[in-house]
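What follows is calculated from the coordinates using simple rules that are stated; it is not laboratory data. These numbers come from a predicted model, not from an experiment. Cβ atoms come from the backbone with ideal geometry, glycine included; neighbour counts cover every protein chain shown.
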Amino acid sequence: MSLLTVGSVAFDALETPFGKTDKIIGGAATYITLAASYFTKKNNLVAVVGGDFPQEMIDVLVSHGIDTEGLQIKQDGKTFFWSGKYHEDMNTRDTVDVQLNVMADFDPVIPASYQGCEYLMLGNTAPAIQKLVLERMERRPKLVMLDTMNFWMDIAMPDLEAVLPLIDLLTINDEEARMLSGEYSLRKAAKVIMDKGPKTLVIKKGEHGALLFQDDRIFFAPALPLEEVFDPTGAGDTFAGGFIGYLTQTDDISFENMKRAIIYGSAMASFCVEKFGSERLVNLTQEEITGRVKEFVQLASFEIK
Ligand code: AMP
């Protein structure tokens, strides 16, 4: 099965209680495709960068088996830039600066070899671009998953409302779920959001895990309590990449398999936060991933007689 991801590929400047970075490589699609690369070798990317984006990073993506034919390089443009600052508890962050640059007039061209993909990940980017990608698929993928953020809810809510009826699964964090639904209770929020289109909803709660909703069913996965958390940037995207990567690998979109996908996504996200940026995602081994998944199983399983 093959996966197509669209989303930002970016420069980020980050500040956490543990330190500060200058411009480092980030972007939703970077984290998603890197995480998914541990599950699928048919991992296709559609995104745009400027002429300032380093070839070495494209080489890193390629070395992970990510197909970059759909990565447009606008030689005379600048790469999307985002800067964020985390609060003491690292569960909340402020966006300090966003410069859309080449993403402002991105025309997502889908290479012919990407057509026919079964899994589509509409990663964080303008909702109008996410919709355009879906419209440009010659055959509707088996599963269409979308991730977005408060930034787009603030400036492009009608566009987001227009794409929601077309997707199968939405991932957002708890604050965004409240913003999108107008409900404080996440259970009520989930109902309101699923009425807007997606049959399945994942609400990410940072270090407090993730909730999976479908019809009247709910599943909860904790996040692994880690000794060191340096930088939560990209954790949500890494989660999404692990989640959809696992579904692509197993080609099973039942609720039971989505529960397992949540655990794989959470395991991948737990690696991401251990170092700044995408550094930790670049050199993982299958043994490390399997070991982490086992830790999740032990953390959350119990018997009641
Ligand atoms: P996450 O921490 O998983 O929510 O994702 C952080 C990543 O999202 C960073 O690497 C940013 O480059 C990217 N990002 C931040 N704001 C936006 C935006 N408005 N559109 C697309 N990507 C964004």
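Proximity of backbone amide H atoms, modeled 1.01 Å from N, is registered between Thr171 and Leu146, Asp147, Thr148, Val202 at under 5 Å, excluding neighbours fewer than 5 places apart on the same chain. Would you mind checking the range 41-83 for residues with the amide N under 17 Å from a putative spin-label position 7 Å along Cα→C-beta of Glu15? Once the point is set 7 Å along Cα→Cβ of Glu15, 82-83 turn out to lie under 17 Å by backbone N, inside the range 41-83.
As a test, work out the antiparallel percent of DSSP beta bridges whose residues both lie in the range 133-233, rounded to the nearest 5.
Antiparallel bridges: around 55 percent, rounded to the nearest 5.
Estimated at 0.36 nm per residue, the fully extended path between Arg217 and Asp105 surpasses their Cα-Cα distance by 36.3 nm. If R0 is taken as 22 Å, the Cβ-Cβ distance between His87 and Phe151 corresponds to a FRET efficiency of 0.80. For the range 68-120, applying the loop criterion from DSSP together with a ceiling of 10 other beta carbons within 10 Å to the GluC sites (Glu not before Pro) yields Glu88.
Could you put Trp152, Trp82 in order, starting from the residue whose Cβ has the fewest other Cβ atoms within 10 Å?
Lowest count first: Trp152, Trp82.
Pairs over the 22 Å Cα-Cα cut-off, from the set Lys191/Lys294; Lys20/Lys204; Lys41/Lys142; Lys85/Lys196: Lys191/Lys294; Lys20/Lys204; Lys85/Lys196. Distance between the modelled labels on His208 and Phe255, one decimal in nanometres: 2.4 nm (7 Å Cα→Cβ projection). Taking amide H as placed 1.01 Å from N in the peptide plane, Val46 has its amide H under 5 Å from the amide H of Thr5, Val6, Gly7, each at least 5 places away in sequence or on another chain.
Would you please give the FRET efficiency between Gln75 and Lys275, computed as 1/(1 + (r/R0)^6) with r the Cβ-Cβ distance and R0 = 41 Å, to the nearest 0.05? Calculated value: 0.85.
Here the residues Tyr31, Tyr119, ranked from fewest to most Cβ neighbours within 10 Å of their Cβ, fall in the order Tyr119, Tyr31.
By DSSP, the beta bridges lying fully in the chain are antiparallel in about 40 percent of cases. Decide, for the chain, between rounded, prolate and oblate: order the square roots of the alpha carbon gyration tensor eigenvalues as a ≥ b ≥ c, take rounded if a/c falls under 1.5, and otherwise choose prolate if a/b is larger than b/c, else oblate. Verdict is rounded for the chain. Put in line by how crowded their Cβ is, counting other Cβ atoms within 10 Å and starting with the fewest, Asp12, Asp174, Asp195 read Asp195, Asp174, Asp12.
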